[in-house]
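Inspection log for the structure reproduced underneath, given as structure tokens.
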Amino acid sequence: MLRKTLELTIKTINPQATGLLASKIKQTFKANLITPAMYEWAQTIKLFGNEAIHDPVDIPENIAADILAFTEVLLLYVFTLPEMIKLRPRKSNAPYTHNP
């Protein structure tokens, strides 16, 4: 189920990506739509998902928990945070600047 969630997320944020899931993940990373760490984790989810489909095995609970946690973070990063930022009212119309 988490692999399918990953697949639908990639399809939503990068509908132009083509090919198999591994290729779509790579294209999404190269388009700067996910971070390098997310790219690595997405590959891990894909691999465990492939194993579950083709050769059902018991995934250790700690690994399953890590995969679930990453999937939640991916959804937060891709969907929730951008909406939170968009909906947050700005107190002024001045552009943000950083002066160290």
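Summed over qualifying helices (DSSP H, 4 residues or more, each -39500 (n - 2.57)) and divided by its residue number, the chain shows a 222 nm mean residue ellipticity of -20000 deg cm²/dmol.
Rounded to the nearest Hz, the phi-derived 3J(HN,Hα) couplings of the range 47-61 under the Karplus curve 6.51 cos²θ - 1.76 cosθ + 1.60 (θ = phi - 60°) are 5, 5, x, 4, 4, 5, 6, 8, 8, x, 9, 7, 8, x, 4, where x marks glycine and proline.
The phi torsions of the range 23-35, fed into the Karplus equation with coefficients 6.51, -1.76 and 1.60 and a -60° offset, translate into couplings of 5, 5, 4, 5, 4, 5, 5, 5, 7, 6, 9, 9, 7 Hz, rounded to whole numbers, with Gly and Pro shown as x.
When you restrict to C-alpha pairs under 8 Å that are six or more residues apart and normalise by the size of the chain, the relative contact order lands at 28 percent. Couplings for the range 73-89, taken from phi via the Karplus curve 6.51 cos²θ - 1.76 cosθ + 1.60 with θ = phi - 60°, read 5, 4, 5, 4, 5, 7, 10, 6, 4, x, 5, 4, 5, 5, 7, 6, x Hz in order; Gly and Pro are left as x.
In the frame of its principal axes, the chain has Cα extents of 56, 31, 26 Å, reported largest first. Here K24 is the anchor, and the aspartates and glutamates within straight C-alpha reach of less than 14 Å, apart from those fewer than 8 places off in the same chain, are E7, E40.
Every read-out reported here was derived from the displayed coordinates using simple, explicitly stated rules and does not represent laboratory data. Because the structure is a prediction, the values reported are computed rather than measured.
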